[in-house]
Amino acid sequence: MSVRQAGPAGGPAVVLLHAFPVDGEMWRPQLGGLSDRWRVIAPDMAFAEPSVDAAADEVARLLDDVDLDQVVLGGLSMGGYVTMAFWRRHRDRVRALVLADTRAGADTEEALARRTRQQEQVAAGDPSPVVDAMVEGLPGDYTKEHRPDVMDEIRRLMAGATAEGITVALEAMKRRPDSTADLATIDVPTLVVVGEEDALSPPGVARDMCDALARGRLVRIPRAGHLSSLEDPDAFNAALRTFLEELG
Ligand code: MLT
């Protein structure tokens, strides 16, 4: 698993799991913005198998490799699905959680059909139609209209997606179990973040998820869509910083 890291080696560790179809580079604003105090670790999830559980186990192996017993674990969207799998399988290694622009529920019939269509599109070998649709579909309207630099960055990050990588990640998401019942078992502090313009995992989904948590806190990011950490890094980092500071 290749990994980006920043911050003091002995500092409290925060591991951030990326969305689809990008890699750990999406967390560059957090690697830069939080590493004054925290050790920020952003792996690339390779999905050796089409399974969020297997990806979670890989993250646990990464923690072994870097000698970390317990971390704050966060994920955005697909990264959140793996974060919930990690909680099911390795909860003793979790100090606190961050669930950003994600959902606990499994795929609906409609989502499954959409993913199958996307897999068929990339099977021809050209990922660009799927990638182009995601570049347009994930950010909020405000970002699309007013943040051309962020749109360029999203395009650049997604341009790295390969047909194989897209296919296996889609399969992992299709097969992921429903994590709704697991929310009630989460007894660590959990920050739920959502862009107010997130059309994929909208604020209502985030609110319900937060309500099911014993120690959940919801932060809504105005003028941001599904990629809130990239669309408004300052607001996202401020929310994360406050949460991490309160953990001590
Ligand atoms: C993501 O942003 O990781 C994906 O859009 C999640 C999904 O398709 O469910």
Percent accessible area from carbon and sulfur atoms, the range 3-247, protein chains only, probe 1.4 Å: 48 percent
Built amide H within the under 5 Å cut-off of residue 196, gap 5+: 221, 223, 224
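Which order do peptides 34-43, 140-149, 21-30, 204-213 fall in by mean Cβ count within 10 Å, highest first? Walk me through the numbers before you get to the answer.
Working: 34-43: 20.0, 140-149: 15.5, 21-30: 21.8, 204-213: 17.5.
Listed from highest to lowest mean packing, they are 21-30, 34-43, 204-213, 140-149.
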The range 51-155 - Rg and Dmax from Cα coordinates, angstrom: 16.8, 44
Value of Rg/Rh across the chain [Cα atoms, Kirkwood radius]: 0.93
Per-selection Rg to Rh, the range 125-248 - Cα, Kirkwood hydrodynamic radius: 1.01
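Please work out the average accessible area per residue across the range 14-153, using the 1.4 Å probe convention, and give it in Å². Walk me through the numbers before you get to the answer.
Working: 5530 Å² over 140 residues.
Ligands and nucleic acids excluded, the result is 39 Å² per residue.
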Mean Cβ neighbour count within 10 Å, used as a protection proxy, ranking 11-17, 132-138 highest first: 11-17, 132-138
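The values are calculated or read from the model by the stated rules, or taken from the named source; none is laboratory data. These numbers were taken from a predicted model, which means no experiment stands behind them. All Cβ positions, glycine included, derive from the backbone under ideal geometry; neighbour counts span all protein chains shown. Each accessible area value is taken on the protein alone, full model and side chains, heavy atoms only, with ligands, DNA and RNA left out. Shrake-Rupley method; radii C 1.70, N 1.55, O 1.52, S 1.80 Å.
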